Amino acid sequence: MTTTPRKFSIVCIPGDGIGVDITEAAVQVLGTLSDTFGTFTFQFTTLDWSSKNYRQRGYYAPEGGVEGLKKYDAIYFGAVGWPDVPDHISLWQMILPIRTTLNQYANVRPTRILPGTVSPLSACAADPSALDWVIVRENSEGEYSGHGGTTPSSAHAAHTVATEVSIFTRVGIARIVRFAFETALRRPRRTLTMVTKSNAQRHGMVLWDTVFYEVAREYDGRVAYDKMLVDAMTVRMVTRPQSLDTIVATNLHADILSDLAAALSGSIGIAPSSNLDPSRTYPSMFEPIHGSAPDIAGQGIANPIGAFWSAAEMVRWLAGASDGEGLGAESMVHAADCLMQAIANVTEQGVKTRDLGGKSGTKEVTDAAKKRNAGAA
Ligand code: ATP
Ligand code: MG
């Protein structure tokens, strides 16, 4: 047993709207968790990289800001975006640079039905465990490569042509597919489904299929795998949720499928996401999948569960960090499990925000989670 607590420096980027509320709630919950266990501590630093600052100063992250994130152990992100700034600006000025600079090529999005929450799927009414998925999203290339252009100039607007170029590399596909197989291997059902659109898109999607089957050979007999077209996949998620387990897809496809997955599990407000650098060279980033939700911002009603779940994933990831001899790893994994248990207890007992059909506010849910954390160790 370790006597000195492991110390982690976490940089928080709350961002905009409900990103601010849920980050504050997650910091509180993480504080209670570390106090309870005593084997690890977090030192939080907050950066105000928000749309408000973009309007005032012309940038989200200052010069060198993204590079500066490398000195932290992990990044905790709220949500960014506001109606008076076009969405692609925050994405291209801040979020995508963070993911690429810090080699966060694997975006992991688990989805399952928490106790006391209701899925719109009838298959899940009888058996909530029918929906238990992990979506592995390629996070560094593909449809979000940024290549392309618009032509001709505005003088000939009627004839404007825009191209949006997707870039797929063998290296990029192989590493995410291998990561997905490793993820599937650690799950009870050991099943991986790969999603493309290779019947219509004949270059990048075909390369995905080819590389997938090459990598799959390494896992023959250990992981069951199959391939779906993305359109058919949406149908399968709704009609046969129990037939899926781990899913791997491109940047765009997995983005869309994970919003669908979150809605099928009850609300987008509960869904977590980890942006991982599997090599652990740079800090990974943890954030709920929802956006800044301007319609409910500042009302104290945002669901913080997706933020807590993301925080639990962060604790689990940090448990595996190689500081010193990695002492206290077991305790941190236990702490992450306890936080998940606290979340489940809170929803099960009906302490739920409106998006889950409850009446509680963010603070009430946060206080309930803290109370259960405090009794956890
Ligand atoms: P982004 O572009 O960042 O993905 P978005 O425009 O898709 O954002 P979100 O902010 O993700 O939209 O959410 C869509 C709607 O879902 C919100 O407007 C809000 O009503 C609801 N919602 C999202 N997150 C939560 C939450 N944590 N609690 C309650 N409701 C939420
Ligand atoms: Mg969205």
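Go over the candidates THR183, THR160, THR151 one by one and state the one that is more than 30 Å from ILE89 (Cβ to Cβ) and touching a strand residue (DSSP E or B) at 6+ places or on another chain (Cβ under 9 Å). Explain how you work it out, then say what you get.
On the way: THR160 fails: more than 30 Å from ILE89 (Cβ to Cβ); THR151 fails: more than 30 Å from ILE89 (Cβ to Cβ).
One residue alone meets the criteria, THR183.
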Handout entry: In the range 214-228, the residues that are assigned to a helix (DSSP H, G or I) and either at pLDDT below 95 or loosely packed, with under 13 Cβ neighbours inside 10 Å (or both)
Key = ARG217, GLU218
Handout entry: Odd one out for GLY266, checked against (1) within 15 Å of ASP132 (Cα to Cα); (2) within 16 Å of ligand 2 (Cβ to nearest atom); (3) surrounded by 24 or more Cβ atoms within 10 Å (Cβ to Cβ)
Key = (2)
Handout entry: Flag for PRO272 being touching a Leu at 6+ places or on another chain (Cβ under 7 Å) and either away from ligand 1 (no atom under 16 Å from the Cβ) or under 24 Å from PRO97 (Cα atoms) (or both)
Key = no
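For the range 234-253: of the residues being surrounded by fewer than 20 Cβ atoms within 10 Å (Cβ to Cβ) and assigned to a helix (DSSP H, G or I), which is nearest to ligand 2 (Cβ to nearest atom)?
To start, the set of residues in the range 234-253 that are surrounded by fewer than 20 Cβ atoms within 10 Å (Cβ to Cβ) comprises 234-236, 238-240, 242-243, 245, 252.
Still in the running and assigned to a helix (DSSP H, G or I): 234-236, 238-239, 242-243, 252.
Working: THR234: 16, VAL235: 21, ARG236: 22, VAL238: 19, THR239: 24, GLN242: 26, SER243: 26, LEU252: 12 Å.
Step by step, filter the range 234-253, then rank; the result is LEU252.
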Problem - Single condition TRP49 does not satisfy, out of (1) over 30 Å from ALA369 (Cβ atoms); (2) at pLDDT 95 or above; (3) part of a loop (DSSP other than H, G, I, E, B) - result: (1)
Handout entry: Count - residues of the range 92-125 that are surrounded by fewer than 16 Cβ atoms within 10 Å (Cβ to Cβ) and assigned to a helix (DSSP H, G or I)
Key = 4
Handout entry: Residues of the range 284-296 satisfying the condition of being under 16 Å from THR23 (Cβ atoms), buried (at least 20 other Cβ atoms within 10 Å of the Cβ) and more than 14 Å from ligand 2 (Cβ to nearest atom)
Key = MET285, PHE286
Practice task
Look through the range 254-263, keep the residues that are within 11 Å of ligand 1 (Cβ to nearest atom) and small (Gly, Ala, Ser), and return whichever of them is surrounded by the fewest Cβ atoms within 10 Å (Cβ to Cβ).
Solution key: ALA263
Handout entry: Options SER34, SER9: the member that is small (Gly, Ala, Ser) and in a helix (DSSP H, G or I)
Key = SER34
Exercise for the section: Would you point out the residue of the range 283-310, among those that are assigned to a loop (DSSP other than H, G, I, E, B) and more than 6 Å from ligand 1 (Cβ to nearest atom), that is nearest to ALA262 (Cα to Cα)? Expected result: ILE289
Fill in the blank from the handout: With criteria (1) touching a Pro at 6+ places or on another chain (Cβ under 8 Å); (2) not assigned by TED's automatic domain parsing to the domain that holds THR239, LEU114 comes up short on (1)
Problem - Number of the condition not met by TRP317 [criteria: (1) touching a residue at least 60 places away in the same chain (Cβ under 8 Å); (2) within 16 Å of ligand 2 (Cβ to nearest atom)] - result: (2)
Exercise for the section: Can you confirm whether the range 2-19 contains a residue that is within 16 Å of ligand 1 (Cβ to nearest atom) and at positive phi? Expected result: yes
Exercise for the section: Would you please list the contacts, defined by Cβ atoms under 8 Å and residues six or more apart or on different chains, that run from a residue in the range 258-278 that is within 16 Å of PRO304 (Cα to Cα) and in a loop (DSSP other than H, G, I, E, B) to a residue that is small (Gly, Ala, Ser) and within 11 Å of ligand 1 (Cβ to nearest atom)? Expected result: SER265/ALA271; ALA271/SER258; ALA271/ALA262; ALA271/GLY306
Practice task
Please go through the range 326-359 and pick out each residue that is of a type in the set (Gly, Ala, Ser), surrounded by 15 or more Cβ atoms within 10 Å (Cβ to Cβ) and in a loop (DSSP other than H, G, I, E, B).
Solution key: GLY328, GLY358
Practice task
Within the range 317-325, identify whether any single residue is away from ligand 1 (no atom under 16 Å from the Cβ) and at pLDDT 95 or above, and answer yes or no.
Solution key: yes
Problem - Qualifying residue in the range 143-162 (condition: surrounded by fewer than 14 Cβ atoms within 10 Å (Cβ to Cβ), in contact with a His (Cβ under 7 Å, 6 or more places away or on another chain) and assigned to a strand (DSSP E or B)) - result: no
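Could you run through the range 43-83 and say how many residues are on the phi > 0 side of the Ramachandran plot and surrounded by fewer than 16 Cβ atoms within 10 Å (Cβ to Cβ)? Let's see the steps before the verdict.
In the first step, residues of the range 43-83 are kept if they are on the phi > 0 side of the Ramachandran plot; the result is 58, 64, 81.
Now narrow it down to the ones that are surrounded by fewer than 16 Cβ atoms within 10 Å (Cβ to Cβ): 58, 64.
Selection size over the range 43-83: 2.
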Fill in the blank from the handout: Apart from one, (1) surrounded by 24 or more Cβ atoms within 10 Å (Cβ to Cβ); (2) modelled with pLDDT of 95 or more; (3) under 29 Å from TYR72 (Cβ atoms); (4) away from ligand 2 (no atom under 16 Å from the Cβ) all hold for THR362; the odd one out is (1)
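Does ILE305 qualify as being more than 16 Å from ligand 2 (Cβ to nearest atom), farther than 27 Å from SER140 by Cβ, at pLDDT 95 or above and under 14 Å from the mean Cα position of the chain (by Cα)? It would help to see each step written out before you state the result.
On the way: more than 16 Å from ligand 2 (Cβ to nearest atom): yes; farther than 27 Å from SER140 by Cβ: yes; at pLDDT 95 or above: yes; under 14 Å from the mean Cα position of the chain (by Cα): yes.
So ILE305 fits the description; yes.
The values are calculated or read from the model by the stated rules, or taken from the named source; none is laboratory data. From a predicted model like this one, the values you see are computed outputs, not experimental measurements. With ideal geometry, Cβ positions are generated from the backbone for all residues, glycine too; neighbour counts draw on all protein chains shown.
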